[in-house]
Amino acid sequence: MATLSDNILNRRSIRSYEPKAVSSETIKTILNAAIWAPSGNNLQPWKFSVIMENKKLLDKIASLSIYQNWIKTAPCLIAVFLDHASIMTNITIPKLYIKHVQAIGAALQNMLLTANDMGLGTCWIGEILKNEEEIKILLNVPAGYELMAVVSVGYPKIVSKGQRKPLDQAIIDWQ
């Protein structure tokens, strides 16, 4: 069994998937991990839309990205939204808004790590945000939800090697 550190260091963004379905129970496990992410004042500002059985809809969403060729190979997409009604604060105050966006980031990371631990591949797709309105229309998402990411989920066909800059390049100062 891999440790959490192994899972963090070995997770990769997957951009090619096997033509094999992912079970609903598996997706529920991944989403359950997401909702246990930390959030300011425990407001849990996330909402999810799962697309996995409607190939036509998967293809339409994929077509909204420059990465449509590989996104179409994913058997599941999860759109992740910030629920403005749940945060109960004036989101025009930048620092308050940022903490809720950070909570969504933590939920996304939980999803990616849980999927990786289950032998699945994922990719956090941010480029697609430019087409938020079209995605919300396709998914029939009500007003008050802001698209934060789309995550592809499936069994990896190709796993690339990861690279990171050395740690000393990430440290500004150490006192």
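So which residues in segment 1-48 are part of a helix (DSSP H, G or I), touching a helix residue (DSSP H, G or I) at 6+ places or on another chain (Cβ under 9 Å) and open to solvent by 20 Å² or more (accessible area, probe 1.4 Å)?
Once the filter is applied, which keeps residues that are part of a helix (DSSP H, G or I), touching a helix residue (DSSP H, G or I) at 6+ places or on another chain (Cβ under 9 Å) and open to solvent by 20 Å² or more (accessible area, probe 1.4 Å), segment 1-48 yields 4, 8, 10, 26, 29, 31, 32, 33, 35, 40, 41.
Inside segment 55-135, counting only helices (runs of 4 or more DSSP H) that do not spill past its ends, which hold 2 or more residues that are surrounded by fewer than 17 Cβ atoms within 10 Å (Cβ to Cβ) and under 12 Å from the mean Cα position of the chain (by Cα)? I'd like the intermediate steps shown before the answer.
On the way: elements: 55-62, 68-71, 84-87, 94-117.
By residue number, 94-117.
Need pairs with beta-carbon distance below 8 Å; first residue over 18 Å from residue 126 (Cα atoms) and free of Cβ contacts under 8 Å to residues at least 60 places away in the same chain and within segment 72-86, second of a type outside the set (A, V, I, L, M) and surrounded by fewer than 20 Cβ atoms within 10 Å (Cβ to Cβ); sequence gap 6+ or separate chains.
85/144; 86/44
Would you please list the contacts, defined by Cβ atoms under 7 Å and residues six or more apart or on different chains, that run from a residue in segment 99-123 that is closer than 13 Å to residue 10 by Cβ to a residue that is of a type in the set (D, E, K, R)?
Taking only residues 6 or more apart or on different chains, the pairs are 112/11; 113/11; 116/11.
Pairs, please: C-beta under 8 Å, at least 6 apart or cross-chain, first residue touching a residue at least 24 places away in the same chain (Cβ under 8 Å) and in segment 129-146, second assigned to a helix (DSSP H, G or I) and open to solvent by 70 Å² or more (accessible area, probe 1.4 Å)?
That search, which allows pairs on different chains as well, returns 138/60; 144/85.
For segment 146-171, which positions are open to solvent by 100 Å² or more (accessible area, probe 1.4 Å) and either in a helix (DSSP H, G or I) or at pLDDT 90 or above (or both)?
157, 167, 168, 169 - these are the residues of segment 146-171 that are open to solvent by 100 Å² or more (accessible area, probe 1.4 Å) and either in a helix (DSSP H, G or I) or at pLDDT 90 or above (or both).
For residue 34, all conditions in the list (1) at pLDDT 95 or above; (2) within 14 Å of residue 117 (Cα to Cα); (3) more than 18 Å from the chain's Cα centre (by Cα) hold save one; what is the number of the exception?
The failed condition is (3).
The values are calculated or read from the model by the stated rules, or taken from the named source; none is laboratory data. Just so it is clear, the model here is predicted, and its values are computed rather than measured. Positions of Cβ are backbone-derived with ideal geometry, glycine not excepted, and every protein chain shown enters the neighbour counts. Side chains are part of the model used for accessible areas, which takes the heavy atoms of the whole protein and leaves out ligands, DNA and RNA. Shrake-Rupley method; radii C 1.70, N 1.55, O 1.52, S 1.80 Å.
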